[in-house]
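Reviewing the structure listed below.
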Amino acid sequence: MDRRSFMSLGIVAGAAGVVLPGLIEASASGSPLDSKMAGGVYYTKEAPGRWTKKAPTHVPEIEKKAAGGKIEIHVVTPHGMKAWEHYIVKHMLLDKDFKFIAEKVFDPTKDKKPESTFTLDSYSGPLYAVSMCNLHDVWVNMITI
(Lines give C-alpha, C1' and ligand atoms only; values in the text may rest on other atoms or scores of the structure.)
Protein backbone atom coordinates (compact mmCIF):
# COMPACT_ATOMS: atom_id res chain seq x y z
CA MET A 1 0.00 0.00 0.00
CA ASP A 2 1.46 3.37 -0.90
CA ARG A 3 1.69 6.16 1.67
CA ARG A 4 -1.14 8.23 0.15
CA SER A 5 -3.57 5.30 0.18
CA PHE A 6 -2.56 4.42 3.72
CA MET A 7 -3.16 8.00 4.89
CA SER A 8 -6.56 8.16 3.15
CA LEU A 9 -7.62 4.85 4.65
CA GLY A 10 -6.54 5.95 8.12
CA ILE A 11 -8.43 9.22 7.94
CA VAL A 12 -11.66 7.68 6.60
CA ALA A 13 -11.62 4.74 9.01
CA GLY A 14 -10.75 6.87 12.02
CA ALA A 15 -13.40 9.47 11.28
CA ALA A 16 -16.15 6.91 10.77
CA GLY A 17 -15.23 4.98 13.90
CA VAL A 18 -15.30 8.09 16.05
CA VAL A 19 -18.04 10.16 14.43
CA LEU A 20 -20.65 7.67 13.20
CA PRO A 21 -21.86 6.28 16.55
CA GLY A 22 -22.32 9.77 17.96
CA LEU A 23 -24.16 11.08 14.93
CA ILE A 24 -26.79 8.38 14.59
CA GLU A 25 -29.60 9.58 16.82
CA ALA A 26 -33.20 8.57 17.42
CA SER A 27 -35.97 10.51 15.76
CA ALA A 28 -39.60 10.94 16.77
CA SER A 29 -40.43 7.66 14.98
CA GLY A 30 -38.12 5.82 17.35
CA SER A 31 -35.90 4.33 14.65
CA PRO A 32 -32.31 5.51 14.97
CA LEU A 33 -31.82 5.14 11.21
CA ASP A 34 -34.62 7.67 10.58
CA SER A 35 -32.40 10.38 12.02
CA LYS A 36 -32.04 13.79 10.44
CA MET A 37 -28.43 12.73 9.78
CA ALA A 38 -29.50 9.96 7.36
CA GLY A 39 -28.91 10.98 3.77
CA GLY A 40 -26.27 13.53 4.73
CA VAL A 41 -23.73 12.21 7.23
CA TYR A 42 -24.43 8.54 6.60
CA TYR A 43 -26.63 6.83 4.04
CA THR A 44 -29.27 4.11 4.05
CA LYS A 45 -31.44 2.44 1.43
CA GLU A 46 -34.29 4.74 2.49
CA ALA A 47 -32.11 7.86 2.73
CA PRO A 48 -29.41 7.66 0.03
CA GLY A 49 -29.02 11.45 -0.12
CA ARG A 50 -26.74 12.60 -2.92
CA TRP A 51 -25.84 8.99 -3.71
CA THR A 52 -29.32 7.82 -4.83
CA LYS A 53 -27.97 5.77 -7.74
CA LYS A 54 -25.30 4.18 -5.53
CA ALA A 55 -27.62 2.59 -2.94
CA PRO A 56 -28.01 -0.80 -4.68
CA THR A 57 -24.25 -1.44 -4.56
CA HIS A 58 -23.37 0.26 -1.27
CA VAL A 59 -25.99 -0.74 1.33
CA PRO A 60 -24.62 -3.70 3.31
CA GLU A 61 -26.75 -6.83 3.14
CA ILE A 62 -27.04 -8.69 6.46
CA GLU A 63 -27.87 -12.33 7.01
CA LYS A 64 -28.06 -14.10 10.37
CA LYS A 65 -27.75 -17.82 11.08
CA ALA A 66 -27.75 -19.90 14.23
CA ALA A 67 -24.45 -21.75 14.56
CA GLY A 68 -24.02 -24.13 17.50
CA GLY A 69 -25.61 -21.87 20.14
CA LYS A 70 -23.97 -18.78 18.65
CA ILE A 71 -25.13 -16.24 16.10
CA GLU A 72 -23.32 -15.97 12.80
CA ILE A 73 -23.69 -12.65 10.98
CA HIS A 74 -22.78 -12.53 7.31
CA VAL A 75 -22.36 -9.08 5.72
CA VAL A 76 -21.95 -8.51 1.99
CA THR A 77 -21.78 -5.25 0.11
CA PRO A 78 -22.55 -5.87 -3.60
CA HIS A 79 -19.74 -3.57 -4.69
CA GLY A 80 -16.72 -4.13 -6.88
CA MET A 81 -13.17 -3.95 -5.58
CA LYS A 82 -11.22 -1.85 -8.10
CA ALA A 83 -7.86 -1.83 -6.32
CA TRP A 84 -7.17 1.47 -4.55
CA GLU A 85 -9.29 3.37 -7.08
CA HIS A 86 -12.75 2.42 -5.74
CA TYR A 87 -13.44 -0.16 -3.04
CA ILE A 88 -15.15 -0.96 0.25
CA VAL A 89 -12.74 -0.05 3.03
CA LYS A 90 -14.37 -2.03 5.82
CA HIS A 91 -17.43 -3.51 7.47
CA MET A 92 -18.29 -2.78 11.10
CA LEU A 93 -20.92 -4.17 13.45
CA LEU A 94 -22.47 -1.89 16.06
CA ASP A 95 -24.82 -2.89 18.87
CA LYS A 96 -28.17 -1.32 19.75
CA ASP A 97 -26.35 1.55 21.51
CA PHE A 98 -24.04 2.03 18.48
CA LYS A 99 -21.09 0.61 20.38
CA PHE A 100 -18.42 -1.18 18.39
CA ILE A 101 -18.69 -4.98 18.24
CA ALA A 102 -16.35 -6.02 15.43
CA GLU A 103 -14.90 -5.02 12.09
CA LYS A 104 -13.21 -6.39 9.02
CA VAL A 105 -10.86 -4.16 7.03
CA PHE A 106 -10.46 -5.05 3.36
CA ASP A 107 -7.37 -5.00 1.19
CA PRO A 108 -8.63 -4.17 -2.32
CA THR A 109 -5.59 -5.78 -3.90
CA LYS A 110 -6.36 -9.13 -2.22
CA ASP A 111 -10.07 -9.20 -1.32
CA LYS A 112 -12.16 -9.93 -4.41
CA LYS A 113 -15.48 -9.20 -2.71
CA PRO A 114 -16.46 -7.10 0.34
CA GLU A 115 -17.79 -9.94 2.41
CA SER A 116 -17.36 -10.64 6.12
CA THR A 117 -18.59 -13.11 8.72
CA PHE A 118 -18.82 -12.38 12.43
CA THR A 119 -19.69 -14.79 15.26
CA LEU A 120 -21.52 -13.44 18.29
CA ASP A 121 -21.82 -15.48 21.48
CA SER A 122 -25.19 -13.97 22.33
CA TYR A 123 -27.04 -10.87 21.30
CA SER A 124 -30.58 -9.61 20.97
CA GLY A 125 -32.00 -6.38 19.63
CA PRO A 126 -31.01 -4.14 16.74
CA LEU A 127 -27.66 -4.85 15.11
CA TYR A 128 -26.17 -2.32 12.69
CA ALA A 129 -23.87 -3.18 9.80
CA VAL A 130 -21.74 -0.35 8.43
CA SER A 131 -20.13 -0.44 5.00
CA MET A 132 -17.56 2.22 4.20
CA CYS A 133 -16.71 3.10 0.57
CA ASN A 134 -13.59 5.11 -0.19
CA LEU A 135 -15.57 7.32 -2.64
CA HIS A 136 -19.22 7.14 -1.59
CA ASP A 137 -19.08 7.48 2.18
CA VAL A 138 -20.66 5.40 4.97
CA TRP A 139 -23.74 3.21 4.52
CA VAL A 140 -25.76 1.63 7.33
CA ASN A 141 -28.30 -1.18 7.48
CA MET A 142 -30.01 -2.81 10.45
CA ILE A 143 -31.30 -6.24 11.39
CA THR A 144 -33.13 -7.27 14.55
CA ILE A 145 -31.86 -10.37 16.33
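The values are calculated or read from the model by the stated rules, or taken from the named source; none is laboratory data. Computed from a predicted model, the values in this text were never measured in an experiment. Glycine also receives a Cβ, built like all others from the backbone with ideal geometry; neighbour counts cover every protein chain displayed. Only protein heavy atoms, including side chains, enter the accessible area calculation; ligands, DNA and RNA are left aside. Shrake-Rupley method; radii C 1.70, N 1.55, O 1.52, S 1.80 Å.
Things worth noting here:
- Residue satisfying condition, being open to solvent by 50 Å² or more (accessible area, probe 1.4 Å) and without any contact (Cβ under 8 Å) to a residue 24 or more places away in the chain, within set 99, 110: 110
- Picking from residues in the range 96-118 that are among the aromatic types (Phe, Trp, Tyr) and part of a loop (DSSP other than H, G, I, E, B), the one that is farthest from residue 70 (Cα to Cα) is 106.
- Taking the numbered list (1) open to solvent by less than 30 Å² (accessible area, probe 1.4 Å); (2) β-branched (Val, Ile, Thr); (3) farther than 14 Å from residue 143 by Cβ in turn, residue 41 passes all entries but (1).
- Among the residues of the range 56-70, those that are open to solvent by 30 Å² or more (accessible area, probe 1.4 Å) and in contact with an Asp or Glu (Cβ under 9 Å, 6 or more places away or on another chain) comprise 63, 64, 65, 66, 69, 70.
- Apart from one condition, residue 93 fits all of (1) of a type in the set (A, V, I, L, M, F, W, C); (2) open to solvent by 30 Å² or more (accessible area, probe 1.4 Å); (3) not in a loop (DSSP other than H, G, I, E, B); the exception is (2).
- Taking the range 73-90 as the range and being β-branched (Val, Ile, Thr) and either open to solvent by 20 Å² or more (accessible area, probe 1.4 Å) or in a strand (DSSP E or B) (or both) as the test, the residues that pass are 73, 75, 76, 88, 89.
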